[in-house]
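Comments concern the structure below.
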Amino acid sequence: MYIINGLCGSCQSAAGYKYDSVNQKCVWVCGLNEIYVNGQCVCERGFNKINGGACKACTAGKFFNFVSQQCEDAVVCGDNEQLANGLCVCNSGFNRINGICAVCPVNSHFDSLNQQCVCSDGY
């Protein structure tokens, strides 16, 4: 028996509660890597609910994707490109040529249909 809100009582441990002696109340028992905040269990800093389940940290080289709720490989973009919606895209003024983002040489332009640089008319 504990003093809970000024009265003697007990917490229903079988229902997932435990006694918080500092605040003198019953609180929900949180899972591994969780803390109790504002009436609910939330993941501790650095942990996320993977697929809505247990709070876990992503392994090295992976990051937590809040949309898919999973740990995914970290995407590292190359020179002259940036990450947009999980994909590497060429910066403005650059085109993907032979797998890298580059600009076409002088007197040529990018042919988006064939994905290559072609000589401009007269060159």
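At a glance:
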{"quantity": "Kirkwood Rh, Cα atoms: Rg over Rh of the range 53-123", "calculated": "1.22"}
{"quantity": "Set of lysines near LYS62 by C-alpha distance (under 30 Å), chain-local residues within fewer than 8 positions excluded", "calculated": "LYS49"}
{"quantity": "3J(HN,Hα) from dihedral phi, the range 81-95, Karplus parametrisation 6.51/-1.76/1.60, rounded to Hz, x for glycine, proline", "calculated": "9, 9, 7, 9, 6, x, 10, 7, 10, 5, 5, 4, x, 10, 10"}
{"quantity": "Expected-Rg normalisation [2.2 N^0.38 Å, Cα atoms] applied to the chain", "calculated": "2.02"}
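The numbers here are math on the coordinates, done by the rules we state, and not lab data. Please read these numbers as outputs of a predicted model, since none were measured by experiment.
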